[in-house]
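Nothing in this text is a laboratory measurement; each read-out follows from the coordinates by a stated rule. As the structure is a prediction and not an experimental result, all values here were calculated from the model. Positions of Cβ are generated from backbone atoms using ideal geometry, with glycine treated the same way; all protein chains shown enter the neighbour counts.
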Amino acid sequence: MQLFKTARDRAIASASAIPPLPHKATTVLRMLVTPDVSLRAVADVIATDPILTACVLKVANSAVFGRSRTVTSIREAVSRLGTMPLRRVAIAWAVFGVFDRFRTPGFWRHDKFLVHSGATAMLMADLAEALDSADLDAAYLIGLLHDIGKLILAVKMPEEYQEAIRRQEVTRRPLTECELELLGIDHAEISGIAVEKWNLPESVCLAIRNHHSAGNGIDDPASPTLTLMIAKSDEYINSLGAGLFESKFPPSGLIAWPGHERATARALESFRTSWQTSRTLFL
Ligand SMILES: [Fe+2]
Ligand SMILES: [Fe+2]
């Protein structure tokens, strides 16, 4: 029997032990993806959770949906939003509910983590929409979850992970390289292992697992797959200064695919506007 596990073994065990998605989150998400679900029924389920209710009211009253009158009833908020924005709020609520269950160490910047994840998710959704992808929810979810491996490593292996961050800051090399040196695994692979535990679609798990290795022969660089979309979105968000630990690196970030220049320009334009008006939702 092996008594001393390697850092890699411990990291994988931590990712595999991620708590399940709360039952209520699963119910709401399943309901929202049901075709022709009644918004009234959705409102009634949302009303059973005070945090989700508060999120829905906040979004319905935000500048994006800018109306003069404040809504206070959940049914009215739900019909003001409509299905797609409601889905995004519910997905973010389910994911952030899981994030909040981790007890993070002192060096962890949870506020930056939420902003980075939220911004990446919004850009992913804008890109998916502009590129006419059928995977709008998947793109949004990938954005929210792609760096969950960092959270897991920071919580479960704080000393080693803090050293990886320190090494990255001193050497200015990519964080994933420093993680590999110290832990034998990087946060992208840990994120991938964790989301596989939630039985998310294969395309979601694959994009998350490979978000730092896109372009290494995994995908056709000319084709905007979910993996390339998350790799580029992540770089772009970091270049805006909304990175978690990587924000000091110079921007590499133009998002463009041959043949899709107009769509990507449209997505970036839409993201800039929506991020200005809705970034407070993630603060
Ligand atoms: Fe990452
Ligand atoms: Fe990231």
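Brief remarks on what is shown
- Cβ-derived FRET efficiency at R0 35 Å, T26 paired with K112, nearest 0.05: 0.80
- Of all lysines in the structure, those lying under 17 Å Cα to Cα from K5, and not within fewer than 8 positions of it along the same chain, are K156.
- Cross-link partners of K24 among aspartates and glutamates, defined as those whose alpha carbon lies under 19 angstrom from its own and excluding same-chain residues fewer than eight positions apart: D44, D49, D100, D137.
- Tilt relative to the chain, helix 261-278 - C-alpha long axis, 0 to 90 degrees, to 10: 70 degrees
- Treating each Cα of the stretch 84-234 as one equal point scatterer and applying the Debye formula with no solvent, the log10 of I(q)/I(0) at q = 0.17, 0.18 Å⁻¹ comes out as -0.98, -1.09.
- Among residues other than V37 with Cβ under 11 Å from its Cβ, the summed charge is +2 (Lys and Arg +1, Asp and Glu -1).
- Label-to-label distance for R262 and E181 is 4.7 nm, based on points extended 7 Å past Cα in the beta-carbon direction.
- Sorted by Cβ neighbour density within 10 Å, fewest at the top, the residues I148, I12: I12, I148
- Against the chain, whose longest principal axis is taken from its Cα atoms, helix 23-32 shows a tilt of about 60°.
- Of D100, D137, the sequence from fewest to most neighbouring Cβ atoms within 10 angstrom is D100, D137.
- Counting every alpha-carbon pair across the stretch 20-101, the share separated by more than 17 Å comes to 40%.
- P(r) weight above 35 Å for the chain, C-alpha pairs, percent: 17 percent
- Degrees between helix 226-239 axis and first principal axis of the chain (Cα, 0 to 90, nearest 10): 80 degrees
- Calculated diffusion of the stretch 30-161, Stokes-Einstein form, Kirkwood radius summed over Cα pairs, 37 °C and 0.692 mPa s, µm²/s: 204 µm²/s
- R0 of 25 Å, Cβ-Cβ distance V37-S73: FRET efficiency to nearest 0.05: 0.85
- Across the alpha-carbon atoms of the stretch 78-123, the computed radius of gyration and Dmax are 12.9, 41 angstrom.
- Leading residue at positive end of dipole, the chain (Cβ point charges), from I12, A134, H110: H110
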